[in-house]
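Enquirer: Once you've had a glance at the structure underneath, I'll fire off some questions.
The values are calculated or read from the model by the stated rules, or taken from the named source; none is laboratory data. The model shown is predicted, which means the values in this text are computed figures rather than measured ones. Every residue, glycine among them, receives a Cβ derived from its backbone with ideal geometry; neighbour counts consider all protein chains shown.
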């Protein structure tokens, strides 16, 4: 039924990802090495430096998170992770041929990496303190490093052999760089000097050839391209010096904070500086005049800045964990190099396996079902959510937060049941008793507290001697005891009723992070900061087994349901499974990009779920095979990917994922036709065998595509020929396509070549040109081109934006296509108990808005409206049949419905309820008179119009989308092809399990009110249908939160199409 209230909040989106292995014998056209699925985590610590490759296509960043990363400038995608340093990375730079990268680290070493493979070539291990900088010589034959040990050193990059050491600074050396001819090195020191050294002397001549003295420590120094000048930064200023005369040339003063770095542009005319004031600034080198406004956008200190090789871009690194690429001339941001995931602090499965929950860094927890769909977002905390756990019946979730509270939620609705207030500091964990009546929480206020789960009433405070923060607390199986883990290195077992400790488990040499009982209650397992986990006998307080193998802090440990195994999670980026009684390691779960914070078995023991900074992952507990990895991007985007390449998710979610092959990036959507599988999570968890295509066995690279003409920014006539260049990269070329504002244009009108010397249409380098003739509407138009490999891997779309002139005969020609509209609105049913308030008004208002807005885009608009008693099942079907008979492929069809929708208790079919249905629970009556989702799909698909839009404002309308989306790979691919070829779009007011809502103040259903508002936005030449849908979704979420206290969002089925719906 269509309701006036709504209880379920919006979905959470996560991704499941896996590493891939290469085929043993790839055939021709297949990749010779495995694809790397890049986790969109980005840096998790301050970005300390960033620099361009010499061809300008890549940026390498260094971070305190102990990694360096390589990014593709054009797309902002991460392409390579360089991991190996044991402490923060302070600097990173490319070699002149861009094949290698050198990194410097706080671990006292520098390393040279093969950037295409991510492997270490050499380690420079001569420094005795942190290394602050590293850079290649202009010929690539040497590397210079600067260190806190007071020296700068020169090395051979291929061997790691030290060839020179420059001593003279009295304190740490902050930076070092070669001169353009490679004969000198300039260093910057904490001793308030910059020094120039002759490389040929190898430091044996007794000192620097020039010393520049400042008043404060010098943080950075760099040569100008002509080698005559040196730029330095000290305090809040930067200066340029004449090296030969040791004379100051110009001073740059405007930064409000410490200046951290300085670099010249390639032509030497400009200087860029970075500062703790969160800005970078570009200056005229000769005068000190600021060229443009400051580069603002970072949320923290800017730690480095440098120019691209052509001088047109600047890259900055910041303490906000991102790097940014800017347009040097204007200060506009071109790319943000950072992560897109929402940090996962814990993950858990419900006892029956129906639900999963993650606690997130965005102050929420998110519940998802076993089909991979988000069920609820739990948004009440005012600070980071640290953990989440299910009740024994799986109906509730308890979350804890840095905001000093724990909260209990209803899983299916997202409703907050109780708030547990009493802790005076952050809450680390919470757990239900086995009967679900009690909760125990562990807090930063050095206490564990026992609560009544239904009311949030505090029953007991468990506080031991000493000053130890309680990290974790859990009930025994019989609910009589609680075990706590403490900062003081002990675990304690408590009598819940009396509130006193009955056992102290001491033996760890560092903090105890977690503790849990075995299923029989006889043992306890603890996880510790001393890199071990231990099993204890509660009765004797003695150690049963010690688990040694982790190389970093162990954050959690849990028993399997039968008590024979233990799974541990560690900051060493692994989870491990052990034999509980002996401590024998059974398997290692690896491949994490960061520390693992939680791990637990499913109730049946078949699965393990882990939580790390970037994701929640599911594993086969028997084999250790990774099954799913789930990422949360924001409140509306998610994706899921299997090891074989299959994926699922929201369109924006999987659109953020990509593979890397060497330094080439390949979007996940490249494999949409063969690997996009709706309901992937459910398919994998069912255990059903999969025998389809597998990316691990190699694949043919998709072609490379570019639009030769017109170019972005060109002004073109309404009739334009678009030339698309398609280059075979080994996988073959099939079916070049062109899209105008998201709508596919017909097949190629002719094919030719990009170069006159290749009259056959194909050049020696396998490049083909294809031409399309397109009719465009006046205004801004986006043209996109793509093509496929023989294996149906789609090329990344090339895109240009052109301005279409008005006024020519072609442009003033009248449109010939027709818009057919069928609008149904039912306030009054034959059974008056089902009457609604606004459905008829909704349908009438939408029909009027569309009729007026679309008249300039179509030869005519043909509306057909059915209201109230006239909207019988037969009448709706008859109206469909009439449109099926008349609509042509070039036409557009819009179906709008406002009324009841239902899924009978004894059936799983979704029905739109016409006015003549008198009993919505009568399956036989519904089957005869209503429109099932299957019937509606058949009618909708039978309309020949290539551009089709269905809008349904009814309860449970998301089931209509499922009629299209919840299918096997073959049907899903067919549907995708239909969408790519036509313009197939379904938007429903609710997800499958939600109730559509009406609000008296709006005078409409919320969905239709939001839709009408989106259609009446400020004037634009053309209103694209996807823009209208997106604006509808945003407004709907705002309105439902305002009026009902929880988000409601439309369900959207769209496979990349877009087309103009109205002209405003």
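Enquirer: Count, please, the residues in the range 692-717 that happen to be buried (at least 21 other Cβ atoms within 10 Å of the Cβ), out of contact with any strand residue (DSSP E or B) (no Cβ under 7 Å at 6 or more places or on another chain) and assigned to a loop (DSSP other than H, G, I, E, B).
Expert: 1
Enquirer: Applying the selection to the range 504-537, what residues are over 40 Å from the mean Cα position of the chain (by Cα), under 14 Å from residue 485 (Cα atoms) and either surrounded by fewer than 18 Cβ atoms within 10 Å (Cβ to Cβ) or touching a residue at least 60 places away in the same chain (Cβ under 8 Å) (or both)?
Expert: Listed by number, the residues that qualify are 504, 506.
Enquirer: Can we say residue 715 is over 26 Å from the mean Cα position of the chain (by Cα), at pLDDT 85 or above and within 30 Å of residue 603 (Cα to Cα)?
Expert: When the stated conditions are applied, residue 715 does not pass them.
Enquirer: Kindly evaluate residue 865 against the criterion of being surrounded by fewer than 21 Cβ atoms within 10 Å (Cβ to Cβ), without any contact (Cβ under 8 Å) to a residue 24 or more places away in the chain and in the same structural domain as residue 898 (by TED's automatic domain parsing).
Expert: No; evaluated as a whole, the condition is false for this residue.
Enquirer: Another question, if that's okay. Would you point out which residue out of 120, 112, 144, 101 is modelled with pLDDT of 95 or more, assigned to a strand (DSSP E or B) and surrounded by fewer than 19 Cβ atoms within 10 Å (Cβ to Cβ)?
Expert: 120
Enquirer: Shifting gears a bit: Which one is nearest to residue 117 (Cα to Cα) among residues in the range 664-691 that are touching a helix residue (DSSP H, G or I) at 6+ places or on another chain (Cβ under 6 Å) and part of a loop (DSSP other than H, G, I, E, B)?
Expert: That would be 677.
Enquirer: Hey, another quick one. Answer yes or no as to whether residue 794 is surrounded by 15 or more Cβ atoms within 10 Å (Cβ to Cβ), assigned by TED's automatic domain parsing to the domain that holds residue 718 and touching a helix residue (DSSP H, G or I) at 6+ places or on another chain (Cβ under 7 Å).
Expert: Yes; evaluated as a whole, the condition is true for this residue.
Residue-by-condition table, conditions (1) surrounded by fewer than 19 Cβ atoms within 10 Å (Cβ to Cβ); (2) touching a residue at least 24 places away in the same chain (Cβ under 8 Å); (3) in contact with a strand residue (DSSP E or B) (Cβ under 6 Å, 6 or more places away or on another chain); (4) part of a loop (DSSP other than H, G, I, E, B):
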{"site": "240", "(1), (2), (3), (4)": "no, yes, yes, no"}
{"site": "256", "(1), (2), (3), (4)": "yes, no, no, yes"}
{"site": "273", "(1), (2), (3), (4)": "no, yes, yes, no"}
{"site": "293", "(1), (2), (3), (4)": "yes, yes, no, yes"}
{"site": "335", "(1), (2), (3), (4)": "no, yes, yes, no"}
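Enquirer: So residue 170 passes all but one of these: (1) within 17 Å of residue 102 (Cβ to Cβ); (2) over 40 Å from the mean Cα position of the chain (by Cα); (3) without any contact (Cβ under 8 Å) to a residue 24 or more places away in the chain. Which condition number does it fail?
Expert: (1)
Enquirer: Cβ contacts < 7 Å: first residue on the phi > 0 side of the Ramachandran plot and part of a loop (DSSP other than H, G, I, E, B), restricted to the range 545-556; second residue buried (at least 19 other Cβ atoms within 10 Å of the Cβ) and at pLDDT 95 or above, any location; separation 6+ or different chain. Result?
Expert: 549/576
Enquirer: If I go through the range 160-186 residue by residue, how many of them are closer than 16 Å to residue 121 by Cα, assigned to a loop (DSSP other than H, G, I, E, B) and touching a strand residue (DSSP E or B) at 6+ places or on another chain (Cβ under 6 Å)?
Expert: Of the residues in that region, 1 qualify.
Enquirer: Restrict the check to the range 361-371 and report whether at least one residue is in contact with a helix residue (DSSP H, G or I) (Cβ under 9 Å, 6 or more places away or on another chain), crowded, with 21+ Cβ neighbours inside 10 Å and either under 20 Å from residue 653 (Cα atoms) or modelled with pLDDT of 75 or more (or both).
Expert: Yes, the conditions are met somewhere in the range 361-371.
Okay, residues lined up against (1) part of a loop (DSSP other than H, G, I, E, B); (2) buried (at least 23 other Cβ atoms within 10 Å of the Cβ); (3) touching a residue at least 40 places away in the same chain (Cβ under 8 Å):
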| residue | (1), (2), (3) |
| --- | --- |
| 582 | yes, no, no |
| 603 | yes, no, yes |
| 608 | no, yes, yes |
| 611 | no, yes, yes |
| 614 | yes, yes, yes |
| 623 | yes, no, no |
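Enquirer: Ok, one more. Identify, please: which residue in the range 924-938 is modelled with pLDDT of 90 or more and outside any helix (DSSP H, G or I) and is, among those, farthest from residue 830 (Cα to Cα)?
Expert: This residue is 931.
Enquirer: Could you check the range 585-594 and list, in sequence order, the residues that are modelled with pLDDT under 90 and closer than 10 Å to residue 569 by Cβ?
Expert: 592
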